[in-house]
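S.K.: Sharing a structure below in structure tokens format, with a few things to ask.
The values are calculated or read from the model by the stated rules, or taken from the named source; none is laboratory data. Keep in mind the model is a prediction, meaning the values are calculated, not measured. Every residue, glycine among them, receives a Cβ derived from its backbone with ideal geometry; neighbour counts consider all protein chains shown.
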Amino acid sequence: MVPGQRHHLREAHRGGPGEDLSSLHRRHRGRPRRPGRAQRPGRARLTQGVRRHRPRPGPRPARGPARDRRRPGGVGERLLDREFFDRPSHEVAPALLGRVLVHGPVAVRLTEVEAYGPPGEDPASHTYRGRTPRNAVMFGPPGHLYVYFTYGMHFCANLVCLPEGMGSGILLRAAKVIEGVDVARTRRHRPATSPALTGPGRSLPERDLARGPARLAVALGIGREHNGLDCCAETGAFRVLEGDPAEPALIRSGPRTGVSSAADIPWRFWIDADPTVSPYRKHVPKTRPN
């Protein structure tokens, strides 16, 4: 703006040089008023630009603590990526403790796992003798769910480790249900097979909902149809979240449960003193009657 231009603009707004305020008022007095809202009787007109505030009846409710919007219950929603599983199973296993598994309405925090090595190295592994139709998922990419049927009645869930073709995994042995407790209890409610726990007037304790690999699979609703699911997919049905990793000082290790071969390898990992950890049972060979 050139010098003096602001002065000329101000004078033009006033009606021209030399025009005083009284003449300006007289010039605008004869103009009709702009139509507006009709005044309600007994109600003062609001000042233009001021927003009317209507106080709510009663005291204002107090605000609660800040809510974690990542997942209900404060569970972190960041997925563990495929690189996390692309390592030897005995390294991934202790790092899985405290992580969160999510399948539908149920979420659990892992408290016990077992590692199993690649073919030709770990006689207790399903892949020890090579690839078969049953264990084919274990030879696929890491971060996938391997589900197998055992004892003619139970499903067990594993997470695949190491690069594709290596055939290694981790058995999910026990967990604490942190979301969907009622759903998990309904799935575990089997009066015909466990009347002592689910009979009239009895309720299955929360610590037992996912205490053991078969119970964990039931609580999460895992079956044969879930074999091969990608656990690292953002929109996957089964996800492994970062959760709250266990403190290293609380992690214990020991022999794997019920293993007849390589029984002394300490690849069972659990959180010390956690009530949801399953009891250790040494393998007892079956004896044939004489």
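S.K.: Within region 159-182, identify whether any single residue is out of contact with any Ser or Thr (no Cβ under 7 Å at 6 or more places or on another chain), at pLDDT below 95, within 25 Å of Arg281 (Cβ to Cβ) and not in a loop (DSSP other than H, G, I, E, B), and answer yes or no.
M.R.: no
S.K.: Cβ contacts < 7 Å: first residue closer than 24 Å to Tyr146 by Cβ, restricted to region 68-92; second residue among the basic types (Lys, Arg) and at pLDDT 80 or above, any location; separation 6+ or different chain. Result?
M.R.: Leu79/Arg239; Leu80/Arg99
S.K.: In region 127-149, what residues are surrounded by fewer than 18 Cβ atoms within 10 Å (Cβ to Cβ) and free of Cβ contacts under 8 Å to residues at least 40 places away in the same chain?
M.R.: Arg129, Gly130, Arg131, Thr132, Pro133, Arg134, Ala136
S.K.: Right, Arg54: modelled with pLDDT of 50 or more and either of a type in the set (Lys, Arg) or part of a strand (DSSP E or B) (or both) or not? Walk me through it before giving the result.
M.R.: Working: modelled with pLDDT of 50 or more: yes; either of a type in the set (Lys, Arg) or part of a strand (DSSP E or B) (or both): yes.
Considered against the rule, which asks whether it is modelled with pLDDT of 50 or more and either of a type in the set (Lys, Arg) or part of a strand (DSSP E or B) (or both), Arg54 comes out as yes.
S.K.: Among the residues of region 222-245 satisfying the criterion of being surrounded by fewer than 20 Cβ atoms within 10 Å (Cβ to Cβ), of a type in the set (Gly, Ala, Ser) and under 16 Å from the mean Cα position of the chain (by Cα), which is nearest to Leu79 (Cα to Cα)?
M.R.: Ala233
S.K.: I'd like to check something: does region 77-94 contain any residue that is of a type outside the set (A, V, I, L, M, F, W, C), within 23 Å of Leu216 (Cα to Cα) and at pLDDT below 95?
M.R.: Taking every residue of region 77-94 in turn, at least one turns out to be of a type outside the set (A, V, I, L, M, F, W, C), within 23 Å of Leu216 (Cα to Cα) and at pLDDT below 95.
S.K.: So, in region 72-126, of the ones that are in a helix (DSSP H, G or I) and of a type in the set (Gly, Ala, Ser), which residue ends up surrounded by the most Cβ atoms within 10 Å (Cβ to Cβ)?
M.R.: Here is the first cut: in region 72-126, the residues in a helix (DSSP H, G or I) are 72-74, 82-85, 89-96.
Subsequent filtering for residues that are of a type in the set (Gly, Ala, Ser) retains 73-74, 89, 93, 95.
Details: Gly73: 10, Gly74: 11, Ser89: 28, Ala93: 26, Ala95: 19.
Once the filter is applied, the top-ranked residue is Ser89.
S.K.: Turning to a different aspect of this structure: Answer yes or no as to whether Arg129 is out of contact with any strand residue (DSSP E or B) (no Cβ under 7 Å at 6 or more places or on another chain), among the basic types (Lys, Arg) and assigned to a loop (DSSP other than H, G, I, E, B). Break it down stepwise before answering.
M.R.: Values: out of contact with any strand residue (DSSP E or B) (no Cβ under 7 Å at 6 or more places or on another chain): yes; among the basic types (Lys, Arg): yes; assigned to a loop (DSSP other than H, G, I, E, B): yes.
Criteria met by Arg129.
S.K.: Failed condition for Ala249, given (1) more than 16 Å from the chain's Cα centre (by Cα); (2) part of a loop (DSSP other than H, G, I, E, B); (3) not β-branched (Val, Ile, Thr), with all others met?
M.R.: So the condition that Ala249 fails would be (2).
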